[in-house]
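So the structure is just underneath, and the comments pick up after that.
The values are calculated or read from the model by the stated rules, or taken from the named source; none is laboratory data. Just so you know, these numbers come straight off a predicted model, no measurement behind them. Here the Cβ positions follow ideal geometry from the backbone for every residue, glycine too, while neighbour counts run over all protein chains shown. Accessible surface areas use protein heavy atoms only, side chains included; no ligands, DNA or RNA. Shrake-Rupley method; radii C 1.70, N 1.55, O 1.52, S 1.80 Å.
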Amino acid sequence: QASSKDSRSTTRRVLAMSWCWQADRGRVSEPEAMQPQQALPQYIETATTAAADAAVDVVANPVADWFDPEIVCRGREPPRANFFAYESVELAKAGAPLGSSTRFLDLNGKWKFVWSPHAGQVPRGFQRCNFDDRAWGQMPVPGNWELNGQGFPIYTNEDYCFYAKPPGIKYRGKDRQYNPTGVYRHSFEPPADWLAKGVEAFLHIGAVRCGCKAWLNGVELGFSTDSKVPAEFKLTPHLRLGRNVLAVLVISWNASAYLEGQDMWWLSGFTRGVFAFLRPVRRIKDVHIHASARGMLRVDVELSGASNIAACSPVSCELFPRGQEDVVEQKVCSFDLTVTPRIGGLAIASGCFQCDGILPWSAETPNLYTLIINVPEAAAENSTAPLASACRAEAIQLVVGFRTMEVRHGRLMLNGHELTIRGVNRREHDGFTGHVIAREAMLQDIRMMKAHNINAVRCSNYPNDPLWYELCSEHGLYVIDEANLESNGMGLEDGITLSNNGKWCESHLARMKGMFERNKNFPCIICWSLGNDAGNGTSLHHAYCWIKRRDPERVVCYEGACREPTRSADVSKTVDMNTDMYCPKYPSPSALAEYGKSYEGVVQALPLVMIEYARAMGNSLGSFKEYWEIINQYTVLQGGFIWDWMDQGIASKIDSKDVWAYGGDFGGPDTPSDYNFCLSGLVQPDRTPSPALKEVAKVLQPVAFDALDLVKGRIRICNRYNFCSLGHLDFSWSLTADGVEVQQGLLSTHGFDDVTPGNSEEVIVPLPRRPFAWSLPSLMGGCHEYHLLLRARCRHGCTSIPAGHEVAWEQWPLASDEWAPASQPGIGRPPA
């Protein structure tokens, strides 16, 4: 699909309804025709004429409290680790699909939906069970409503799509009050035992942009901000037998939108799954796993729900190699955690165990283990309800990777080895579904990254779907996890930035806590990022201290941790205290080399990892090879993250052509936009590789080849892995004449198991006798252009890379034969 803008200024087809409201089946296409108090059902595509009398409540504004930056949520459960609690150990060991558990109720699918262009302009009484929503349309959950018939996508880079006058919202288009709001309704029937004593039901909203408020059967559950972490609300005691009605109000932009000004599309709605789940009153509230490269496993469990919880049986733990949870003989260890009471019905259970013979985790060797934590059944307390006692037992499965992350002696280190970050920035984007990403799309991203020698991902610029971290841990990718924080549109100077404004401190801290608590147990995460382009100030200093106290075992970084408010490509910044690495954006190669020269021998120096560089916009990466020639000279330079992985285009038709639409292709002429700046990826929106991806694979290859003497075929093979030897690779050579292979073979890999990272091995390529034109009968004499090609391929496949995959190659031109034989047969034979 092309991305040209042929005649777009005169004919713009809006994929997602845009301003095209339905009014007597006619379209009003320009925003100046909008009537601010227009009846809501007029722009619901599936509305009936009877709905025209529906009332719109614009007085009792249900979103007013969202415009206070000091209030981040109400009624929302505290953030916790990502896990699902099964009713039995057997289900937990099997990692059973959630749908097989009696404690899970899937709420995804088509929900009743109505849309308004203005915040708070919603049908009166929509929360009630008996509200008549038959005239409403439908909206997929998860799904962005701009791509499903309501509103239109907006793309901006640094600026907001509204004026930077917090905490209120004033749209930059002609309708200053434009702030799309959606109301969802969904009916469901819980199992009868969900209302038994001793259990509680909860609602889980994986992610929703930009804020939501939820009701069950007309009773408010609470509201939540932060578009990229879960919102969980307690459904008990408002749950009832039979039909229950869940209503959710979603607003596009509230005060928290000032902290979500990332370089991406402004898309609204549910972007991750929604479900209900059941927990016993006595339950695991949270769990934190600590697993070092030396095999020390510490498990910290927080329990809640009963005053005499200390009388419960100990919490039991079992550790298995991943995939062998049912093989008793393969069990690594098992141990119990003694429960210790705290006040308020809380208790902790903690313990350590030395696991001998474990295999550490890294991106090159993603060895994983399965930890089963079991809280055994307890006696029911004064309950005769059926299944009440049985529901009290629960078991969870967690994936464990043993690794140790640190900055030591001026280097970023994993398991005692210096790391080389061959990374890329990745947004959650799909050319067809927007910000709703399927599992297969995630797997495709990972496989393509691994196939092109990318070993690290920065979640730019917000926490991703939990499934992404599970897959990165399984397949082997290092992850920098980043808080959902960017306020570039406000400016970065001390007197302007929100990070130095006390009223916004809690909003900043809540985002760090939400990111960390949910993702703290994923092995792939090696570093926490405080955010992106959010200035620097007391809020981010507090955030750094909080997360270092909560998790001293990982590195923390922040590009904005500097004392200069502006960025320079040629001058290194004065680094502030709230980062463990120097992580600049877009330094010039000369600045990179200067840092290497200045700090290579300084053990107190901060390692340098470019958080963004080599913007892949257009048809090249710009000095990419030169960057890595410098990085390979200095160990204090430890790589970086390309900007970025995918073009953020949206599939559309313009002038009857299939195109990847970008900013300015949707909405009216007054729509704020930064146009095609969102197209800067190594792959297209359907994951078709761009040519630059081949360059990435070549420059980042973990094996280097140096020609020592091409005449004699002497080649040095250098190991640039961080953990692996070269023993897992097969090496082949090929001789070509005028581009046609004339001879090939395999190189002996005897002893390559001993070629450890940073070391090399010299080989001799058994080239045919010179002159090639006569030692190779297929050439039949004549003059030819010769090249020698060496390849390194994987001997065995894995989950992400097939056997025979090429990980590195190098090619050299060879000198022509020293004499020029005549083309006629029998003339010019080589001398005896």
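List of remarks:
- Subset of region 641-655 (residues that are touching a Gly at 6+ places or on another chain (Cβ under 6 Å) and surrounded by fewer than 21 Cβ atoms within 10 Å (Cβ to Cβ)): ALA651
- Members of region 80-109 that are closer than 15 Å to ARG392 by Cα and in a loop (DSSP other than H, G, I, E, B): PHE84, ALA85, GLU87, SER88, SER101, THR102, ARG103
- Among (1) open to solvent by 10 Å² or more (accessible area, probe 1.4 Å); (2) part of a strand (DSSP E or B) - the single one VAL556 does not satisfy: (1)
- ASP551 being under 22 Å from the mean Cα position of the chain (by Cα) and either at pLDDT 95 or above or open to solvent by less than 60 Å² (accessible area, probe 1.4 Å) (or both): yes
- Within the option set VAL281, VAL274, VAL301, being touching a residue at least 24 places away in the same chain (Cβ under 8 Å), open to solvent by less than 10 Å² (accessible area, probe 1.4 Å) and over 18 Å from ASN521 (Cβ atoms) holds for one residue only, VAL274.
- Filter pass, THR579 being open to solvent by 20 Å² or more (accessible area, probe 1.4 Å) and among the hydroxyl-bearing types (Ser, Thr, Tyr): no
Residues are listed down the side, and each one gets a yes or a no for (1) assigned to a loop (DSSP other than H, G, I, E, B); (2) under 41 Å from the mean Cα position of the chain (by Cα):
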site	(1), (2)
VAL763	no, no
LEU767	yes, no
ARG770	yes, no
TRP774	no, no
LEU790	no, yes
ARG793	no, yes
THR799	yes, yes
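- Identity of the residue in region 332-357, part of a loop (DSSP other than H, G, I, E, B), open to solvent by 20 Å² or more (accessible area, probe 1.4 Å) and among the hydrophobic types (A, V, I, L, M, F, W, C), that ends up farthest from GLU418 (Cα to Cα): ILE343
- Filtered by the rule that a residue be among the charged types (D, E, K, R), open to solvent by 20 Å² or more (accessible area, probe 1.4 Å) and either under 21 Å from TYR178 (Cβ atoms) or touching a His at 6+ places or on another chain (Cβ under 6 Å) (or both), region 656-675 gives ASP670, ASP674.
- Checking every residue in region 735-758 against the condition of being part of a helix (DSSP H, G or I), open to solvent by 20 Å² or more (accessible area, probe 1.4 Å) and free of Cβ contacts under 8 Å to residues at least 12 places away in the same chain gives zero matches.
- Which listed residue, of GLY537, GLY531, is farther than 21 Å from PRO79 by Cβ, among the small types (Gly, Ala, Ser) and touching a residue at least 24 places away in the same chain (Cβ under 8 Å): GLY537
- Hey, GLU810 of a type in the set (D, E, K, R), outside any loop (DSSP other than H, G, I, E, B), touching a residue at least 24 places away in the same chain (Cβ under 8 Å) and open to solvent by 70 Å² or more (accessible area, probe 1.4 Å) or not: no
- Between VAL603, VAL609, VAL636, VAL703, the distinction of being more than 25 Å from ALA451 (Cβ to Cβ), crowded, with 21+ Cβ neighbours inside 10 Å and touching a residue at least 60 places away in the same chain (Cβ under 8 Å) belongs to VAL636 only.
- Residue, nearest to THR749 (Cα to Cα), within region 700-724, restricted to residues that are outside any loop (DSSP other than H, G, I, E, B) and of a type in the set (D, E, K, R): ARG716
- From the list GLY667, GLY663, GLY649, the lone residue that is touching a residue at least 24 places away in the same chain (Cβ under 8 Å), in contact with an Asp or Glu (Cβ under 6 Å, 6 or more places away or on another chain) and not charged (D, E, K, R) is GLY663.
- Taking the conditions (1) modelled with pLDDT of 95 or more; (2) of a type in the set (Ser, Thr, Tyr); (3) assigned to a loop (DSSP other than H, G, I, E, B) in turn, SER620 satisfies each one other than (1).
- Test: residue in region 136-148 that is within 20 Å of HIS435 (Cβ to Cβ), modelled with pLDDT of 95 or more, part of a loop (DSSP other than H, G, I, E, B) and open to solvent by 10 Å² or more (accessible area, probe 1.4 Å): yes
Here's the yes/no breakdown for (1) touching a Cys at 6+ places or on another chain (Cβ under 9 Å); (2) assigned to a loop (DSSP other than H, G, I, E, B):
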position: PHE522; (1), (2): yes, yes
position: GLY531; (1), (2): no, yes
position: ALA534; (1), (2): no, yes
position: TYR544; (1), (2): no, no
position: ARG549; (1), (2): no, no
position: THR566; (1), (2): no, yes
position: ASP570; (1), (2): no, yes
position: ASN578; (1), (2): yes, yes
position: ALA593; (1), (2): no, no
